[in-house]
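Report on the structure given below.
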Amino acid sequence: VAQVPDFNGRPLEFRQLWVNGRKAVRARDVADFNNMYRIRAIDKAKEILYVPAAAVKKIVNARYAEMVIHEMWCVANLRIKNIKIQGDSAAVTFHQPESHVHFMHPWPSPMITTNGHNSAFYLTNAKELLDTEGEWYLDARASKVYYLPRKGENMATAEVEVPALETLLKVEGTPDNPVTNVSINGVTFSHATWMRPSISGHAPLQAGM
């Protein structure tokens, strides 16, 4: 565990972390995507996904857990608002604006089929899911980051990097004055962050647009 520094006058938040140049895994409930749970039903009018209760029992009390759901040709990041266990199923609702966007757009949509191949999902961003080497979790309220070292990693000497900027280089033009003849040499761009899912979720349309 380590204290997260402030950046630019506020507590630093991030969704990515590298240890000795290797990207670590944000704590999640499955290591093998073949073991993901699948949704059971969907109520678009009430904006509810029904999932197996066993899938979410660990994170019922987690405040900032997220569901990453695989749909037809896109992957949605949804911030979980509430979980209600109902027998062997659980009703899961999500924060806005992604909840409305996700349940409103007709295509793609979470898959409900007749052969059991419903949309698969995994859960992330909960300390309760931190159980595998190479996983990490950020407690944003306490500004602490937790990490389970991989075999052979010495955290006393490890180089750990978290990104602070979303845009590393911005080149702008206009239709009347487009950017031309730009070349960039001798510099590496790496470790940018992407905070949109933490702020407003991410419910993409076709091709992740």
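The values are calculated or read from the model by the stated rules, or taken from the named source; none is laboratory data. This one's a predicted model, so the numbers in the text were calculated from it and none came from an experiment. Quick reminder, even Gly has a Cβ in these numbers, built from the backbone with ideal geometry, and neighbours come from all protein chains shown. Just so you know, the surface numbers come from the protein's heavy atoms only, side chains and all, with ligands and any DNA or RNA stripped out. Shrake-Rupley method; radii C 1.70, N 1.55, O 1.52, S 1.80 Å.
Among the numbered criteria (1) within 15 Å of the chain's Cα centre (by Cα); (2) modelled with pLDDT of 95 or more; (3) on the phi > 0 side of the Ramachandran plot, which single criterion is violated by residue 129? The single condition residue 129 does not satisfy is (3).
For region 4-21, how many residues are at pLDDT 95 or above and part of a strand (DSSP E or B)? Count: 2.
Determine, yes or no, whether residue 109 is in contact (Cβ under 8 Å) with a residue 40 or more places away in the chain, more than 15 Å from residue 1 (Cα to Cα), hydroxyl-bearing (Ser, Thr, Tyr) and open to solvent by less than 60 Å² (accessible area, probe 1.4 Å).
Values: in contact (Cβ under 8 Å) with a residue 40 or more places away in the chain: yes; more than 15 Å from residue 1 (Cα to Cα): yes; hydroxyl-bearing (Ser, Thr, Tyr): yes; open to solvent by less than 60 Å² (accessible area, probe 1.4 Å): yes.
The answer is yes for residue 109.
Scan region 26-57 residue by residue and report those that are more than 19 Å from residue 102 (Cβ to Cβ) and buried (at least 16 other Cβ atoms within 10 Å of the Cβ). Talk me through it step by step, then tell me what you get.
Let us first name the residues in region 26-57 that are more than 19 Å from residue 102 (Cβ to Cβ), namely 26-35, 52-54, 57.
26, 27, 28, 29, 30, 53, listed by residue number.
With the checklist (1) within 17 Å of residue 78 (Cα to Cα); (2) without any contact (Cβ under 8 Å) to a residue 40 or more places away in the chain in hand, flag the one item residue 114 doesn't pass. It fails just one condition, (1). Beta carbons closer than 8 Å, at least 6 apart along the sequence or on distinct chains, pair a first residue in region 178-204 that is free of Cβ contacts under 8 Å to residues at least 60 places away in the same chain with a second that is outside any loop (DSSP other than H, G, I, E, B) for 196/202.
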